[in-house]
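Have a look at the structure below before the remarks.
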Amino acid sequence: MTRRPSPLLLDGAAVAMALLDVWAHWDIHEPLRMACGLSAALALLLRRRHPLLTFCVTLPSVLLSDAVFACLAALYTLASFKRPRTLLVLGALAFAFADTTSLPARGLDLTSRTTLIALGYSTATAAAAVFLGQLVQTRRDLSLRLTEISQARDRQELLTAQAALAKERAQLAREMHDVVSHQVSLIAVHAGALQVGTKDPNTKEAASTIRRLSVQTLDELRHMVGVLRASGGNPTDLTPQPALVDIRRLADNCGIETELTMDLPEGLPPTVQRAAYRTVQEALTNTRKHAPGATARIDLFQAGDRVHVRVTNTAPTQPPLPLPGAHHGLIGLRQRAELLGGTMSSGPTSDGGYEVRVVLPTEVTG
């Protein structure tokens, strides 16, 4: 896109052209005419703020001298900022008569062919300045209209996208409510029945853990459904984000034997606390899925300006169950750690277990 010159530069060029016009008709013996020409040239500095006043100030220079550029520039500016056609017609006629009369002439003889030709030429010159100003005004109005249309189109596209997103969220909420919540409810019911009907202590404890986790999952699902359905309506508060104090409860309710050691100061940034919690959560989930019968050790401590989160599990004592998974958990942990300026590493241990280690800065910027 071509960059337009600044208004100050254009005004300076107009004044320079007007001064050049005065210099071309300079006559040292006619100081009044030259003073009018110079005043008209300098008056062009006001043409954008006061176009009508500038035209009136420059008109005497046409009547008293041959320097007409300043008045034509003022007439062009008047036409580019003002809409009343009557005003523009009167301005063009005033310029034409002033240019044709040129005091101190005795008068305007309209019966003379030469006078009529000069009047027609002056009128055409003034009309050209008016038409050019009107063209610039029309172009400016069209540009503003196109900008408004473009903004309206962008708003419409945004509304359409938001409507589509709201529709998708509503559909997702229905699926979660009708399918996922129903299946989790069945899990909780069967786990409760197993807990009541069995006499084996280990089975009863496992059924109790399954039922408790199912109920917690149902509560979270109901809240998520409420958030999705509230899209586009009244805002719904999100579930409180986990912190370091929740890791103890997570370890106790994970369904596997864990040993937790946590030595971290208070006041860590919430993002660091959430990252530590999610690391432990994901590591324990992977242990339950891929290492049945294993035990886990959780270590959280600070070394210098870094928070270390390490979750290690022993080798499994039972064959893993074929559970579905997208294999995105560890990738998500690595991305979360990198966004916070930390690192993440994972891999098997020498005793056949597995270790997940995340190192995070204690101060997160950005």
inquiry  = When you check Ser80 against the structure, is it surrounded by 15 or more Cβ atoms within 10 Å (Cβ to Cβ), within 26 Å of Gly12 (Cα to Cα), of a type in the set (S, T, N, Q) and modelled with pLDDT under 85, yes or no?
reply    = no
key: Candidate set: segment 138-154, residues that are farther than 18 Å from Lys82 by Cα and of a type in the set (Ser, Thr, Tyr); chosen: the one farthest from the chain's Cα centre (by Cα)   = Thr147
request  = Kindly state which helices (runs of 4 or more DSSP H) lie completely within segment 1-99 and contain at least 2 residues that are of a type in the set (S, T, N, Q) and closer than 18 Å to Ala129 by Cβ.
outcome  = 51-64, 69-81
key: strands (runs of 3 or more DSSP E) wholly inside segment 257-319 that include at least 1 residues being under 44 Å from the mean Cα position of the chain (by Cα) and on the phi > 0 side of the Ramachandran plot   = none
ask   = Just one of the numbered conditions (1) at pLDDT below 90; (2) surrounded by 14 or more Cβ atoms within 10 Å (Cβ to Cβ); (3) small (Gly, Ala, Ser) is not true of Gly325; which one?
value = (2)
ask   = Does any residue of segment 135-150 turn out to be farther than 30 Å from Leu75 by Cβ and either without any contact (Cβ under 8 Å) to a residue 12 or more places away in the chain or of a type outside the set (A, V, I, L, M, F, W, C) (or both)?
value = yes
query = Taking only pairs six or more apart or across chains, which ones have beta-carbon atoms under 8 Å, a first residue in segment 156-185 that is at pLDDT 75 or above and surrounded by 11 or more Cβ atoms within 10 Å (Cβ to Cβ), and a second residue that is in a helix (DSSP H, G or I) and β-branched (Val, Ile, Thr)?
reply = Val184/Thr217
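The values are calculated or read from the model by the stated rules, or taken from the named source; none is laboratory data. Note that this is a predicted model, so its numbers are computed, not measured. No Cβ is skipped: glycine too gets one built from the backbone with ideal geometry, and neighbour counts run over all protein chains shown.
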